[in-house]
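Structure first, then comments.
The values are calculated or read from the model by the stated rules, or taken from the named source; none is laboratory data. Computed from a predicted model, the values in this text were never measured in an experiment. Please note: Cβ atoms are built from the backbone with ideal geometry, for glycine as well, and neighbour counts cover all protein chains shown.
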Amino acid sequence: MDMFKNVIQYILDLGPSIFLPFVMIILGLAMRMKFSKAFSSALTLGVAFLGMSVILDFMMGAISPAANAFVKNTGLQLNALDLGWTPNAAIAWAWPYAFFMFPLQITINIIMLAMGWTSCLNVDMWNVWNKVFTGVLVAGVTGSLPIAFIVCAIMVVFELKNADLTQKQIYEITNIPGIALPHSMALTGVILAPLNRLLDFVPGINKVKFDADALKEKLGIFGENHILGFIVGLIIALFAKYD
């Protein structure tokens, strides 16, 4: 068991840019793709994750010092700390029962596919840590391991069903056929979708378009991402008392 955990941990420590392509190659071959195509597709995914990591690292390196100076110079009293996903993932993988979440998610997914209860095959094994983290929280509050895994199992079901329900919207955003979002973050749509629908009935607001194209049309260059970023960055820098 310890050897299995060590192997899995070694693969996870490689990061999503290596781990997810590795999973994609296996799934591609299982679906009878040619090795060359499966390998190329997996590499494309890895390159995408590396690109996102470069951008996020640059943003955090540039914004974090300015944000800290902003807080210090304005005297804001902030009593909560947003750890971000990296420390939370580390907490999740430190849980002794974390690796049992893989067979739980895969088994539930296969059963739901076989029974026709979902059309989504969740290949995002990296973000299993979301369920693990939920398990950590539930086990910490209830002191019960079975309850923790029951809640995580329900979470897996909700993610898959939500992916089915939102697949049309995901396609409209990405224009990529056959893509869904079986991620816990997307479950916020359960709350936001009714609120969005409610706004459709509010006079005045239901006639206003808040999408990026509409803002660009109304605000001109001030609706452009790079202009807005410059303005926000300038404001933060001024309050941070940068030279």
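Is there a residue being touching a Gly at 6+ places or on another chain (Cβ under 7 Å), in a helix (DSSP H, G or I) and either in contact (Cβ under 8 Å) with a residue 12 or more places away in the chain or not assigned by TED's automatic domain parsing to the domain that holds N109 (or both) anywhere in region 167-182? Checked against the condition, which is being touching a Gly at 6+ places or on another chain (Cβ under 7 Å), in a helix (DSSP H, G or I) and either in contact (Cβ under 8 Å) with a residue 12 or more places away in the chain or not assigned by TED's automatic domain parsing to the domain that holds N109 (or both), region 167-182 yields no hits at all. Note on region 26-47: residues that are under 15 Å from D124 (Cβ atoms), without any contact (Cβ under 8 Å) to a residue 24 or more places away in the chain and under 21 Å from the mean Cα position of the chain (by Cα) amount to 2. A153 - would you say it is among the small types (G, A, S), at pLDDT 95 or above and touching a Lys or Arg at 6+ places or on another chain (Cβ under 9 Å)? Yes: the conditions hold for A153.
Just to check your reading of the model, which residue among A48, A69 is surrounded by 11 or more Cβ atoms within 10 Å (Cβ to Cβ) and within 30 Å of L238 (Cβ to Cβ)? Every option except A69 fails the conditions.
When region 191-230 is examined, which residues are found to be surrounded by 10 or more Cβ atoms within 10 Å (Cβ to Cβ) and either assigned to a loop (DSSP other than H, G, I, E, B) or in contact with a Phe, Trp or Tyr (Cβ under 8 Å, 6 or more places away or on another chain) (or both)? Within region 191-230, V202, V208, K209, E224, L228 meet the criteria. Apart from one condition, I179 fits all of (1) closer than 30 Å to M115 by Cβ; (2) surrounded by 14 or more Cβ atoms within 10 Å (Cβ to Cβ); the exception is (2). For L56, indicate whether it is outside the structural domain of V128 (by TED's automatic domain parsing), part of a helix (DSSP H, G or I), surrounded by fewer than 14 Cβ atoms within 10 Å (Cβ to Cβ) and at pLDDT below 80. When the stated conditions are applied, L56 passes them. Yes or no: region 194-205 includes at least one residue that is within 27 Å of W85 (Cβ to Cβ) and either of a type in the set (G, A, S) or touching a helix residue (DSSP H, G or I) at 6+ places or on another chain (Cβ under 6 Å) (or both). No, region 194-205 has no match at all.
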